[in-house]
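The structure under discussion appears below in the form of structure tokens.
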Amino acid sequence: MKPVYLDYAATTPADDEVVKAMLPFFGETFANPSSVHTPGQKARTAVEKSRSRVAALLGAAAEEIIFTSGGTESDNLALKGLAAARRDFGDHIVTSAIEHHAVLRPCETLERQGFRVTRVKVDATGMVDPGDVKKALTEKTILISIMHANNEIGTIQPIGEIGRIARERGVVFHTDAVQTFGHLPIDVDRLNIDALSASGHKFYGPKGVGFLYLRKGTRILPQMEGGEQERDRRASTHNVPGIAGLGKAVELAGERMAAEAERLAAMRDRAVERILTGIERTHLNGHPRLRLPNNVNIRFDGVEGEALLFGLDMAGIACSSGSACTSSSVDPSHVLAAIGLQRQEAHSSLRFSLGRGTADGDVDRFLDVLTVTVARLRALAAGRGARG
Ligand SMILES: *Cc1c(COP(=O)(O)O)cnc(C)c1O
């Protein structure tokens, strides 16, 4: 049977048009875009075309886009680079308990370097209260970093309100928008965003390429030092095929985003409804409404998440246990812990995420296999319990 891929939150396939847009830059137009000769200029033109496309989708200017190797590098550059550049003004950073590790780990490193970090809590739906962000601010706060939408539970944060608070207090505001850029509309001016991370492979572009939007006039210390690429903000020869592919992915996202979000949200709601009503002792993790159109995270009482994942995989269905980054670790996800789940509850959670290639029939087959697998695992657990 045809495999069913329901892990678009972990990564998406590069669109055929994206692959096509990349190919010339491996061969024919291979030159270094920093070179002054004609072949170099051709490569440079492609890089700048992508930069303009990215900027346009954010309501930004082209020179505010810094190409990187992906979401992780963009987050590292933002946290470490913005903190270092503002050290003379203060030493305090505000973030949340449910950020991606690409934000949390740099925060830990900054703490070891003497910065102080406040991690605001979230409620049971995974929502940050902007009032808590405001309360956390001190005279020494130099940076706020709150993600746009969570990769595990899909909750979309009130970043417009947080941006307004940051602007009022003159604090730089960074958001990890890796799960939303190319999926939901984002206007950096309207939302008062100063820095924003995104990644190509999360919206049908290639892996290993992303960008950091950085508002004009915001100082940053480069974390990758070397040549003078990206206006001295990120050295290394441009990944021209990757950047060309990312540009094409942005173009496609701009055309398809609205209709696709609507289609996926309807599919998501139908799947959630069928699970919550059709399979007993199930609970939705994350916010019931303010969530990514393609993300579902469900808890199945009395079921081992890993066993469920394995059972689905045996039937050719690819999902994730909470988060792709933690699925091989025994520690429960920090996100599920932050929304108040007990260890056991966290370990009985399953994330599935829909995308461009998901058809209604795929969801139907998934739901059928899911229902049978959950029943089988529960029966097994009950049998084990009865035998002591
Ligand atoms: C995937 C992801 C990242 C990391 O992006 P890479 O391009 O894989 O390095 C960071 N933040 C969030 C929210 C993500 O979903």
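Every read-out reported here was derived from the displayed coordinates using simple, explicitly stated rules and does not represent laboratory data. Not measured: the values here are computed from a predicted model. Note that each Cβ is placed from the backbone with ideal geometry, even for glycine, and that neighbours are counted across all protein chains shown.
What value, in deg cm²/dmol to 500, does the helix sum -39500 (n - 2.57) over DSSP H runs of n ≥ 4 give at 222 nm once divided by the residues of the chain?
So the calculated ellipticity at 222 nm is -12500 deg cm²/dmol.
Over the Cα atoms of the range 122-275, each weighted equally, I'd like the Debye log10 I(q)/I(0) at q = 0.12, 0.17, 0.19 Å⁻¹, rounded to two decimals.
Results for the range 122-275 at q = 0.12, 0.17, 0.19 Å⁻¹ read -0.62, -1.13, -1.29.
Arg105 versus Leu367, label points 7 Å from Cα toward the beta carbon: distance in nm?
3.8
Cα-based Rg (one decimal) and Dmax (whole number) for the range 190-330, in Å?
When restricted to Cα atoms, the range 190-330 yields Rg and Dmax of 20.0, 59 Å.
Under 8 Å for C-alpha pairs, at least 6 residues apart: give me the relative contact order for the range 16-252, rounded to a whole percent.
Numbers: 470 pairs, mean separation 65.8, N = 237.
RCO, the range 16-252: 28 percent.
If one computes P(r) from the Cα atoms of the range 101-150, what percent of pairs lie at distances over 13 Å?
63
Which listed residue (His238, Val47, Gly217) has the Cα farthest towards the positive end of the charge dipole for the range 16-252, taking +1 on Lys and Arg C-beta and -1 on Asp and Glu C-beta about the Cα centre?
Gly217
If you average 1/r across every pair of different Cα atoms in the range 178-225 and take the reciprocal, what Kirkwood value do you get, in Å? Walk me through the numbers before you get to the answer.
Values: mean 1/r = 0.0827 Å⁻¹.
When all Cα pairs of the range 178-225 are included, the Kirkwood radius is 12.1 Å.
Can you give the angle from 0 to 90° between the axis of helix 240-278 and the longest principal axis of the chain, with both taken from C-alpha atoms, to the nearest 10?
Helix 240-278 sits at roughly 20 degrees to that axis.
Once the Cβ-Cβ distance between Arg87 and Asp301 is put in as r, and R0 is 51 Å, what FRET efficiency do you end up with, to the nearest 0.05?
For Arg87 and Asp301, the calculated efficiency is 0.60.
Suppose the chain between Glu273 and Arg356 were pulled fully straight at 0.36 nm per residue; how much longer would it get relative to their current alpha carbon spacing?
Stretched fully, the Glu273-Arg356 segment lengthens by 27.8 nm.
Which residues does the label zone of Glu28 cover in the range 206-248, counting backbone N under 17 Å from a point 7 Å along Cα→Cβ?
Residues 240-242, 244-245, 248 qualify, since their backbone N sits under 17 Å from the label point.
Per residue and in Å³, how big is the convex hull formed by the alpha-carbon atoms of the chain?
Value for the chain: 141 Å³ per residue.
May I ask you to give the average projected area over all directions of the convex hull of the Cα atoms of the range 1-152, in nm² rounded to one decimal? Write down the numbers at each step before the final one.
Values: hull surface 55.5 nm².
Approximately 13.9 nm², given one-decimal rounding.
Report the equivalent ellipsoid semi-axes for the range 148-193 in whole Å, largest first, defined as the square roots of five times the eigenvalues of the gyration tensor built from alpha carbon atoms.
20, 11, 8
Relative to the longest principal Cα axis of the chain, at what angle does helix 38-58 sit, 0 to 90 degrees, rounded to 10?
Taking Cα atoms only, the helix is inclined about 60 degrees.
With both bridge residues required to lie in the chain, what share of the DSSP beta bridges run antiparallel, to the nearest 5%?
50
Report, in debye and to the nearest 20, how large the dipole of the range 200-337 comes out about its Cα centre when Lys and Arg carry +1 and Asp and Glu carry -1 on their Cβ. Walk me through the intermediate numbers first.
Details: 18 positive and 16 negative charges, 116 e Å.
My answer is approximately 560 debye.
Please give the residues of the range 63-79, grouped as numeric ranges, whose backbone N is less than 20 Å from a label point set 7 Å along the Cα-to-Cβ vector of Ala235.
66-70, 73-79
For the chain, give the magnitude of the charge dipole about the Cα centre (Cβ charges: +1 Lys/Arg, -1 Asp/Glu; no others), in debye to the nearest 20.
Working: 48 positive and 47 negative charges, 66 e Å.
Using only the charged Cβ atoms, the result is roughly 320 debye.
Where the centroid of each part is defined by its Cα atoms, how far is the range 37-75 from the range 184-220 in Å?
Distance between centres, Cα-based: 11 Å.
So if each residue of separation counts as 0.36 nm, and I subtract the Cα-Cα distance between Asp123 and Asp313, what length gain in nm does that give?
So the chain would gain 65.2 nm between Asp123 and Asp313.
Could you give the spread of the C-alpha atoms of the range 1-58 along their three principal axes, from largest to smallest, in whole angstroms?
52, 30, 16
Rank the residues Phe211, Phe173 as a footprinting-exposure proxy: fewest other Cβ atoms within 10 Å of their Cβ go first.
Phe173, Phe211
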